[in-house]
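*Asks:* Provided herewith is a single structure, encoded as structure tokens, for subsequent inquiry.
The values are calculated or read from the model by the stated rules, or taken from the named source; none is laboratory data. Everything quoted here is computed from the prediction, not taken from an experiment. Cβ coordinates were reconstructed from backbone atoms using ideal geometry, including for glycine residues, and neighbour counts include every protein chain displayed. The accessibility values were calculated without ligands, DNA or RNA, using every heavy atom of the protein model including side chains. Shrake-Rupley method; radii C 1.70, N 1.55, O 1.52, S 1.80 Å.
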Amino acid sequence: MWRAAALGVAWRARTGTAASSTSTEPDRLISVPSGLQVLYDKSKGGTYKCDYQIDRRSGGYSANGSGKDGTHICGDAKKPSYVWWASNMDVDCDGGSTSDNACSNDQSHQTQTTFKDSSGKWVDAVSIPYVVIDDDSDFSPEKLGIQPMSAVAVVCNGKLTFGVWADTNGDGSMGEVSLKLAQTCFGSGMTGNSGHDAPDVLYVAFIGSKADTVPSGSTSDYDKLSAIGTALVSKALSGAGGTDNTSASASASKSTTSSATTVTSSTILTLGSSVGESITSSPSSMSASSVTLTSPTSSPAASGLVVPFDLSSTKILAIVGIMFVVILVTGIAVYLLVHQHPPLRRERSLSHSDTEENSLLSSEDSEASYGNKKDVQRSITPSTNTINGRRPPIQYPREV
């Protein structure tokens, strides 16, 4: 076994193969939803081909033990919302103590992991289920949008469970998980030097914001990890081959909330009495990502509608306030138009009439003045009449 000196980077090779045994955490294994089952059936056996290959590694990744080499990291699109790969499963013991546990035979143990838990400590492989993802020049999870400590879905031994992304490696291998997650999948036979050889384990990592993909609260709270992991699987894979049945398959003590929740408690908003549909919420089970509208006289399956936003009371009050301001401003504008503009129009009309009257008077005065000027001109201008082209002689009055 050997390990690189880089801090928190899990490079390893094992020599043993774990014998099949019962899961140490059977209540953390739930039925695989149908959409995820389609992907699992496609990938198991290590012979799959990516529709959208995300890594750029020539020849693909390798696996320890007798696992299948040459596998790749795939996505659901060129710009994926999630990535997945299928591999065997090996044990990573980093981040915790190796004394008196199944990691005592790991000779390449490190006390650090790449990321820290919610309390600022290294993530303990013995107590926390986590996944190791290769991070190198051929594939960078963070650049793609996968958040540190985000939920990762793992399908192992025909069941679904969840871990967080807490450690990385850079040796071109895949399929490594913490001791806690490995024993949840395949039992106590999984140790620091013994793993699961068959390449029939599916890993799915999700791309999104920290709020959407990283469990809140304590890293050791598996219920919160399961809840956010279930919601991510339901959102990303429920349409891939069938209806998601993840929530229905979980045990009652580990029940989680899906991304589209049908609720049955107090009504917070009614959308019209004639429609009879209302938005309802349950504080203990409402998901922030969506709300389901149901008719009180019909079943949710027949009439449920999904609204992809959160209708909180704060948002409702904000919308009502904006509508009130718009109505108030519109009313003021209408009042000003009706009650103040008509006098202005009347004044303009009167002014226009006065101008026309003054113009007419001025025109008459001008014509009278022009007529007087012509009469005066005629009285002082000598006659220009001629006889045969000659002007008649001037007749002077004779003296008597």
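*Asks:* Just to be sure before I move on: is SER118 within 20 Å of VAL214 (Cβ to Cβ), small (Gly, Ala, Ser) and in contact with a Lys or Arg (Cβ under 8 Å, 6 or more places away or on another chain) in the structure I sent?
*Replies:* No.
*Asks:* Take the conditions at pLDDT below 90 and open to solvent by less than 10 Å² (accessible area, probe 1.4 Å) and apply them to GLY172. Does it pass?
*Replies:* Taking the combined requirement at face value, the residue satisfies it.
*Asks:* Condition first: surrounded by 13 or more Cβ atoms within 10 Å (Cβ to Cβ), modelled with pLDDT under 90 and either part of a helix (DSSP H, G or I) or among the small types (Gly, Ala, Ser) (or both). Can you find one or more residues in the range 19-37 that meet it?
*Replies:* no
*Asks:* May I pose another question? Of the residues in the range 160-211, how many are free of Cβ contacts under 8 Å to residues at least 40 places away in the same chain and part of a loop (DSSP other than H, G, I, E, B)?
*Replies:* The number of residues fulfilling the criteria is 0.
*Asks:* Quick test for you: out of ASP90, ASP106, pick the one residue that is surrounded by 17 or more Cβ atoms within 10 Å (Cβ to Cβ), in contact with a Gly (Cβ under 6 Å, 6 or more places away or on another chain) and not in a strand (DSSP E or B).
*Replies:* ASP106
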